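The values are calculated or read from the model by the stated rules, or taken from the named source; none is laboratory data. Everything numeric in this text was worked out from a predicted model, so none of it was measured. Note: ideal-geometry Cβ built from the backbone for every residue, glycine included; neighbour counts use all protein chains shown. Just so you know, the surface numbers come from the protein's heavy atoms only, side chains and all, with ligands and any DNA or RNA stripped out. Shrake-Rupley method; radii C 1.70, N 1.55, O 1.52, S 1.80 Å.
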Amino acid sequence: MSALLEVEELTAAYGQVQALFGVSLKLEEGEALALMGRNGMGKTTTIACITRMLGARSGRIAFAGHDLGRLPSHKAARLGLGLVPEGRRAFRGLTVRENLMAAARKGEWTFDKVAELFPRLAERADQKAETLSGGEQQMLVIGRALMTNPRLLILDEATEGLAPVVRQEIWAAIRALKARGQSILIVDKSLKELATVADRCTVLERGRDVWHGTPAKLTPDLAHRFLGV
Ligand code: ATP
């Protein structure tokens, strides 16, 4: 069986500035892959290429048996890529329920299921998104991605800048998603939490994948060398 997501020798640039110099990674169905690396090493750019927000210069991206290479981003999304981008982007003027329903597509995820995963959203169903705390907005954005019934959920720094309590709630939700078989590609700064979710890690350095392995194999020495922690 082929992998759910397979990226081979991806290169990409912003105008004259090359950001990716050959990134390869692989994610099997039901797996959680952590994409790691220090700031500016190309994690967000890799995600932008996978979700087709940014055109790759060269390389191959195969998802669920499709070559993503030429698809516009909305078509890639329809194949089952659910992105939670860096920064929080809910529709501020819409209520929590409206935000979720606007993203709904046929499948197992419903308003009630999301409300079960994030009880805070259930309590605030009829509140406008702009009145939510940062953490609640992040939950809403994850909920929106789930409402599309993604085959692959992509989380780019989903817990960045949030209060510890809310962070824990979001990690608990991510672990619950993983346990029910959701495929996940995740970027996050917390190694400790990543290790509780990720089956495997891919480390990027200056736009190249330089290390692949399980969280257990990422020794303190390696973490220091690759991530500066
Ligand atoms: P971070 O954790 O800081 O987001 P990252 O690993 O996600 O880091 P990228 O955002 O993918 O890194 O950036 C990779 C490289 O591309 C960096 O050198 C960055 O400066 C450059 N870059 C990113 N976005 C742009 C842009 N819109 N225009 C020009 N250069 C960019």
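A Cβ distance below 6 Å, combined with a sequence gap of six or more or placement on separate chains, defines the contacts here; from the range 28-43, residues that are more than 15 Å from the ligand (Cβ to nearest atom) reach residues that are open to solvent by 20 Å² or more (accessible area, probe 1.4 Å) and not in a strand (DSSP E or B) in the pairs G30/G181; E31/D199; A32/K178; A32/D199.
Across the range 118-150, the number of residues qualifying as touching a strand residue (DSSP E or B) at 6+ places or on another chain (Cβ under 6 Å) and under 28 Å from A64 (Cβ atoms) comes to 5. For F111, the stated conditions do not hold, so it cannot be described as under 30 Å from K192 (Cβ atoms), modelled with pLDDT of 95 or more and aromatic (F, W, Y).
Comparison of L54, L4 shows that the only residue that is crowded, with 19+ Cβ neighbours inside 10 Å, within 16 Å of the ligand (Cβ to nearest atom) and over 25 Å from V229 (Cβ atoms) is L54. Within the range 151-192, take every residue that is in contact with a strand residue (DSSP E or B) (Cβ under 8 Å, 6 or more places away or on another chain) and basic (K, R) and give me the one that is surrounded by the most Cβ atoms within 10 Å (Cβ to Cβ). Checked the range 151-192; the qualifying residue surrounded by the most Cβ atoms within 10 Å (Cβ to Cβ) is K178.
Table: residues versus (1) within 12 Å of A145 (Cβ to Cβ); (2) open to solvent by less than 40 Å² (accessible area, probe 1.4 Å); (3) of a type in the set (S, T, N, Q); (4) in contact (Cβ under 8 Å) with a residue 40 or more places away in the chain.
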{"position": "R78", "(1), (2), (3), (4)": "no, no, no, no"}
{"position": "P85", "(1), (2), (3), (4)": "yes, yes, no, yes"}
{"position": "R97", "(1), (2), (3), (4)": "no, no, no, no"}
{"position": "L100", "(1), (2), (3), (4)": "yes, yes, no, yes"}
{"position": "K106", "(1), (2), (3), (4)": "no, no, no, yes"}
{"position": "D112", "(1), (2), (3), (4)": "no, no, no, no"}
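Annotation for the range 61-80: no member residue is within 15 Å of the ligand (Cβ to nearest atom) and either among the polar types (S, T, N, Q) or in contact with a Phe, Trp or Tyr (Cβ under 6 Å, 6 or more places away or on another chain) (or both).
Of the residues examined, K43 is not one that is open to solvent by 10 Å² or more (accessible area, probe 1.4 Å) and more than 16 Å from L153 (Cβ to Cβ).
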